[in-house]
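The values are calculated or read from the model by the stated rules, or taken from the named source; none is laboratory data. These figures come from a predicted structure and were not determined experimentally. Quick reminder, even Gly has a Cβ in these numbers, built from the backbone with ideal geometry, and neighbours come from all protein chains shown. Accessible surface areas use protein heavy atoms only, side chains included; no ligands, DNA or RNA. Shrake-Rupley method; radii C 1.70, N 1.55, O 1.52, S 1.80 Å.
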Amino acid sequence: MTSQATSAPSSSSAPPEPVRPAATAAPSARPTRSLFWRLVVRPPGVLPALTFLAILVIWESSVAIFSIPSYVLPSPSRIATGFDSLTTQRWFQHIWATLQVALIGYAISILVALPLAIALTRSEVVNKALYPILVVIQSTPVVAVAPIIIVVLGSGVAPRVVITFLITFFPLVVSTATGLLATPRELIELSKSLRAPVWREITQIRLPFAIPYIFAALKISITLAVIGAVVAEFVAAERGLGFLIQFSTSMFRLPEAWAGLGVLVLMSLILFQSVSLVQRLFFPWSLPKKGG
Amino acid sequence: MDAAHPASIRFDGVGQVFETDSGPLEALRGVSFAVRHHEFVAVLGPSGCGKSTLLRIIAGLIAPTSGAAEVFGMPVTRPRDDVGIVFQKPTLLPWASVEDNVVFPIRHKTGRVGRADRDKAQEILATVGLRGFETRLPDELSGGMQQRVGIARALLMDPDILLMDEPFSALDALTREEMGFELLRIWEARPKTVLFITHSISEAVLLADRVLVMGDRPGWIIEDAPVPLSRPRGIATTTDKVMHDFAGHLRTLLLKRAA
């Protein structure tokens, strides 16, 4: 909460601002910056793109200079040829298989986590009964349980979705529950003093106040969802980027595996940015305040 | 106490004991007082003397462990519609505009907000000096303006009793004084019974008809002191000798207790 801003129309005479000596002016107020700063540092995205490009150049030249075999580390240009070993249609089949499992698992996770978080914070009985079990589930390495789940549920989409769900829902539950309890006490008292129904206290006060917490968890969980889908594909799948990476590695087709990895990273990034975008578009007030 | 207007608030030997993990904690003991219709009463005392507990009992948010608390001659058993609360911090909804924050109690209580409610909000916002700020977000306002929104929100349902829990204590000294005069102006425009909790002696004296001086551990009323100053009060009042002497008397009372 800033304490100074626009002044009320009713408060007519504001005390005059003390005149600041010019010598103490902030350095950022300098009229001119170097060309490098104006073309490279200031525009968003330029500097990270240049860094990425530099890494590619160093990578490419190192592989050539030190004659690194492609099964140890393929050069970026060799990885690019890895894309050609599959048809575009096959690529999209793999991408869709992974994306589908990640998104379904993520969606179920949200649908379960939000009501569960509400139940955990409303009822001491539910909290005492369920919380230890949630901790046990979270403490179980999902990678270790994945083969068991596949055996129990068969080889379809269902076991992969379950694995994704197990890996994504805990951060969502904990973070949402924390957010639901972080509501200012005064607003809860206001709600009580109005004798409003409890569900409205949740929908109009507690849930909106938990939005920053929920989105923090949604961002973590979306990348976990991709991990969950890949882990499931490692265990048993006939399609998907995780399957592709494992299969091509076992065939020593490393450029293909690296290409699959590249697509996977890109997918994770896009999903993460999409969640950020939803928050920026629909809940701009929930973003951390910029300093200054 | 005239017959047409029974006491707005009456406490008779009210005690409050909280059960805590480290044993029972006595917050109030034998608190008795009455507040007349449209009277402005300040409750003055050190931190932790049970001032806020007293306010929450009147608001119907907690029930006293002993004694009787009455509002308009009825025992307080639950929150009432004719009591509005202004909190120490404005605690506005950061996602809602100023106007939406003001109409929030109606949306929260009934689930819907009508045209008439919005008109009323506009009118109240004008009263508290926020005309033209209806569509702003709380974040875009100064601390003093945010608290004006908090006051407007409490006034929306036109409560007969306004409970104010150290409403200006989070503001800087200048804004705080300015808001005090603002409150007097609003109170004169819309007369209400006001119970104003504060730990500032000058604030209590400047605003109130009567000051309830409280001691702590447990909270009790040291003195029920009428303020010997005429109304209307303004900046001139702050340098008045009578005000000075009265404030000195209250200070002595509070410090003697602390020593």
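Partners of A:Lys289 within straight-line reach, counting aspartates and glutamates whose Cα lies under 19 Å from its Cα and excluding those fewer than 8 residues away in the same chain: B:Asp139, B:Glu140. Given in Å, the Rg to one decimal and the Dmax to the nearest whole number for the Cα atoms of region B:89-158 are 10.7, 30. Between A and B, roughly 2900 Å² of accessible area is buried in total, ligands, DNA and RNA not counted and the probe set to 1.4 Å.
Of all lysines in the structure, those lying under 28 Å Cα to Cα from B:Lys256, and not within fewer than 8 positions of it along the same chain, are B:Lys51, B:Lys241. Under the rule of at least 5 residues apart or a separate chain, name every residue whose amide H is placed under 5 Å from the amide H of B:Ile85. Under 5 Å from the amide H of B:Ile85 lie the amide H atoms of B:Leu163, each far enough along the sequence or on another chain.
Database remark: amide H of A:Leu194 closer than 5 angstrom to no amide H (H placed geometrically; neighbours at sequence offset of 5 or more, or on other chains; Pro and chain starts carry no H). Running a GNM on chain A with Cα contacts under 10 Å, which residue among A:Ser67, A:Ser77, A:Ser268 ends up with the highest mean-square fluctuation? Maximum fluctuation in the GNM of chain A, among the listed residues, is at A:Ser67. Under a 10 Å cutoff between Cα atoms, tell me which one of B:Asp158, B:Asp245, B:Asp224 has the largest fluctuation in the Gaussian network model of chain B. Fluctuation is largest for B:Asp245.
For the pair B:Ser66 and B:Asp139, what calculated FRET efficiency results from E = 1/(1 + (r/R0)^6), where r is the Cβ-Cβ distance and R0 = 41 Å, to the nearest 0.05? Given R0 = 41 Å and the Cβ-Cβ separation, E is 0.40. The equivalent ellipsoid that matches the C-alpha gyration tensor of the protein assembly as shown spans semi-axes of 61, 31, 20 angstrom, in descending order. Normalised by the number of residues in chain B, the average gap of Cα pairs under 8 Å and 6 or more apart makes the relative contact order 25 percent. Set the Förster distance to 56 Å, then compute FRET efficiency between B:Glu223 and A:Val143 from the Cβ-Cβ distance, nearest 0.05. Efficiency computed from Cβ-Cβ geometry: 0.20. Dimensions of chain B along the principal axes, based on C-alpha atoms and rounded to the nearest Å, stand at 51, 44, 43, largest first. Give me the distance between the Cα centres of region A:232-292 and region B:97-137, rounded to whole Å. If you average the Cα positions of each part, the centres end up 45 Å apart.
Show me the helices of chain A, taken as full DSSP H stretches, that run 18 Å or more along their long axis by Cα and average -0.5 or above in Kyte-Doolittle hydropathy. In chain A, the long hydrophobic H runs are A:46-65, A:88-122, A:124-139, A:157-181, A:207-235, A:254-282. Protein heavy-atom surface of chain A, 1.4 angstrom probe: 72% of the accessible area is carbon and sulfur, with nucleic acids and ligands not counted. Accessible surface computed residue by residue for chain A, with neighbouring protein chains in place and a 1.4 Å probe, gives 58 Å² per residue. Surface composition of chain B: carbon plus sulfur atoms contribute 53% of the solvent-accessible area (1.4 Å probe, protein chains only, all chains present).
Each Cα pair under 8 Å and six or more residues apart adds its sequence gap; the mean of these over the residue count of chain A is a relative contact order of 22 percent. A loss of 40 Å² or more of accessible area (1.4 Å probe, protein heavy atoms, ligands and nucleic acids excluded) relative to the isolated chain is seen in these residues of region B:50-82: B:Arg56, B:Leu61, B:Pro79. For region B:50-99, the Kirkwood radius over C-alpha pairs fed into Stokes-Einstein at 10 °C and 1.306 mPa s yields D = 126 µm² per second. Taking 17 Å as the cut-off, the amide N atoms of region B:138-172 that come nearer than this to a point 7 Å along the Cα-to-beta-carbon line of B:Asp81 belong to B:154-162. Accessible area ranking (1.4 Å probe, heavy atoms, ligands and nucleic acids excluded), largest first, for B:Trp95, B:Trp187: B:Trp95, B:Trp187. Multiplying the residue separation of A:Leu277 and A:Leu39 by 0.36 nm and subtracting their alpha-carbon distance yields 83.1 nm. Net charge dipole, the protein assembly as shown: roughly 960 debye, given to the nearest 20, about the Cα centre with Cβ charges of +1 for Lys and Arg and -1 for Asp and Glu.
Give me the one-decimal Kirkwood hydrodynamic radius in Å for chain A, with the sum taken over alpha-carbon pairs. Evaluated over chain A, this radius sits at 23.6 Å. For a Förster distance of 35 Å, can you work out the FRET efficiency between the beta-carbons of A:Ser77 and A:Leu111, rounded to the nearest 0.05? E(calc), rounded to 0.05, equals 0.20.
Using the structure shown, select from B:Lys109/B:Lys192; B:Lys89/B:Lys120; A:Lys219/B:Lys89 the pairs with a Cα to Cα distance greater than 25 angstrom. Where the Cα-Cα span goes over 25 Å, the pairs concerned are A:Lys219/B:Lys89.
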